[in-house]
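So the structure is just underneath, and the comments pick up after that.
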Amino acid sequence: MIPQGISHIAKQIPRILDAENGLPDTMRPLIARLAAHLGELDRQVDELEAQIQTWHRQNAESRRLAEIPGIGPLTASALVASIGDAKTFAHGAMRGLPRARAQAACERG
């Protein structure tokens, strides 16, 4: 049995592909192919995260948002990308944030 989660599966691939575990021989190449695909997807996620981090470091609005506790570079970048200029929103658009965070965001501009 393998614990739930993609990282647990990746760690168990050698054990899954072991010829001694009773897995039908026809399944091994399929699982190996899926594991290679999983590795490629993981590599692409790392590459995209690096690009987002680079963009975040170059964007003053994103860096300012990341100063709010609980908002990291990825969330800040996503907010800036989806909202754009926060000044176009009335302060009422911050209703979903706790009062202290809404005030901090408004004070920063």
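Bear in mind that the values in this text are calculations on the coordinates, not laboratory data. Just so it is clear, the structure is predicted and the values come from calculations on it, not from any experiment. Cβ atoms come from the backbone with ideal geometry, glycine included; neighbour counts cover every protein chain shown.
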Distance (nanometres) between label positions extended 7 Å along Cα→Cβ at residue 2 and residue 36: 1.7 nm
Any idea what the relative contact order of the stretch 1-93 is, in percent, if you count C-alpha pairs under 8 Å spaced at least 6 apart? 15 percent
Please list 3J(HN,Hα) in residue order for the stretch 75-82, calculated via the Karplus relation 6.51 cos²θ - 1.76 cosθ + 1.60 where θ = phi - 60°; whole Hz, with x for glycine and proline. 5, 4, 5, 5, 5, 5, 5, 8
Give me the number: length gained by fully extending residue 46 to residue 20, i.e. 0.36 nm times residue separation minus the C-alpha to C-alpha distance, one decimal in nm. 6.0 nm
Exposure proxy ranking, count of Cβ atoms within 10 Å, fewest first, for 8, 56: 8, 56
Taking just the C-alpha trace of the stretch 1-58, give me its Rg and Dmax in Å. 15.7, 53
With θ set to phi - 60° and the Karplus curve 6.51 cos²θ - 1.76 cosθ + 1.60, what are the ³J(HN,Hα) couplings of the stretch 54-70 in order, to the nearest whole Hz, using x for Gly and Pro? 4, 4, 4, 5, 8, 10, 4, 5, 5, 5, 5, 4, 5, 6, 6, x, x
To the nearest 0.05, the calculated FRET efficiency linking residue 9 and residue 58 through their beta-carbon distance, R0 being 30 Å, is 0.25
